[in-house]
Each structure stands twice: as C-alpha cells, then as structure tokens.
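Read-outs: derived from the displayed coordinates by stated rules, not from any lab. Keep in mind it's a predicted model, so treat the numbers as computed, not measured. Here Cβ is always computed from backbone atoms with ideal geometry, including for glycine, and neighbour counts include all displayed protein chains.
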C-alpha cells in the first residue's frame, strides 16, 4: 500500500455534531446514511449539549420553549408530518429529556475493546432516537437505557455499572469542549477537511460533501 493510499484511508472521515434530543439530528441521520451508501467514509460522531440544563425528570416542551412565541402543539404537528413523509416514526411528544447519560453510554460502546459491542453502535443510536421521538421515553432513566441496549443486541450491558465508569463521562466532556472550541452553537453540523454543512442537510448536499472528502 502506498503512503498516499494510507493517508487517504486515514482521512476518510466525516465529523457529525449531533444530539439525541434534536429532531433535525434524527432526520439528518437518515439523510447521512443514505448519502454514505457504498462509501468507505468513516463517521466520527461528536456529541453536543443541546439542552444540558434539562433536569433528570425532564421538562415539558411548553417549559422548554416558554417566552419564544412558539406554538408548541402546531410545531409538533408539523414535525410529525414532515418526519412521517420522510419515513421516520415520530410520536406525540410533550416533554424533552436530558441526553447526557445516553451520550456517555454511546461513547462506552464506541470505545469498547469488543468488536461485537462496537458493531451494535448504529443500532443503539437508532434505538435511542426511536425511544425519544417515537415513544417519548425519558432517555435519562437507567431502565429506559437498559431497554434500549437490549433492543440493540447489548443484552449483557449493565447500564448502571457502565455509567459509573468515568471514561464515558470524560469522552462526552471532551466532545462538549470541542464543540465550544469550534464555536458549534447548533446541530446537526457536518465537517470534512475544513468544509462545513450546517443544519439538517439533504442527501444531495451530504453526498457533495463526501465527494469533496474523496477528491481530497
């Protein structure tokens, strides 16, 4: 293998800034997977604190958007219709929940030394999005996270024990710090070799970004 080819393979990375409680990240993930079809580009997820102040028990959407002049019910109806038109399941949501524990858990999965565990990470991400957006579950609760792991093929995961390991928390702290350093103020965002897409981008735009990466 030539040095150029080795470097190209190392650089085949798209950075995705995301959070599990962001509806545009939920939609953006579907578009990204479609854009990556038959691509060898590696995805590096960097987790963003969208609503880090959310208490463990969650808060209502009315509380979250208080004072912003947003008609929450109408906004949710519009989101639900748009998601369903995209083939995504989206239930009747009344609350938002804290995503920190879900972020820590996915970091543990990503960093696992077990190939089988790491192979389940995309299923885990998808299951977290569904638990939150379709079923309105509190993804800060250990029982909910345990159910997500079980549905993702991670039946042997002891969620409470794993979350006691500070490694996941340190990894999330590093992601949050990187977001601050790079002046990320909203998600999703995508970066390839200094080229950016901000916001929920369509498949064609993401494919173009990936082609830039390949051309490099």
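Data for the structure
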{"item": "Nearest 10 degrees, 0 to 90: helix 121-133 Cα axis against the chain principal axis", "result": "30"}
{"item": "For region 17-71, alpha-carbon Rg and Dmax in angstrom", "result": "15.2, 45"}
{"item": "CD proxy at 222 nm, helix term only [per DSSP H run n ≥ 4: -39500 (n - 2.57); per residue of the chain; nearest 500]", "result": "-15500 deg cm²/dmol"}
{"item": "Rg/Rh ratio calculated on Cα atoms of region 124-177 (Kirkwood radius)", "result": "0.99"}
{"item": "Rounded FRET efficiency, nearest 0.05, which uses the C-beta distance separating residue 115 from residue 94 and R0 of 41 Å", "result": "0.55"}
{"item": "Degrees, to the nearest 10: 72-85 long Cα axis against longest axis of the chain", "result": "40"}
{"item": "Reported label for calculated percent of Cα pairs over 22 Å apart given [x] 53; [y] 46; [z] 57", "result": "[x]"}
{"item": "Alpha-carbon centroid distance for the pair region 131-160 / region 169-216, whole angstrom", "result": "26"}
{"item": "Relative packing of 77-90, 123-136, 98-111, which averages over residues the other C-beta atoms within 10 Å, highest first", "result": "98-111, 123-136, 77-90"}
{"item": "Share antiparallel - DSSP beta bridges, the chain, percent rounded to 5", "result": "60"}
{"item": "For region 103-216, average projected area of the Cα convex hull in nm²", "result": "8.6"}
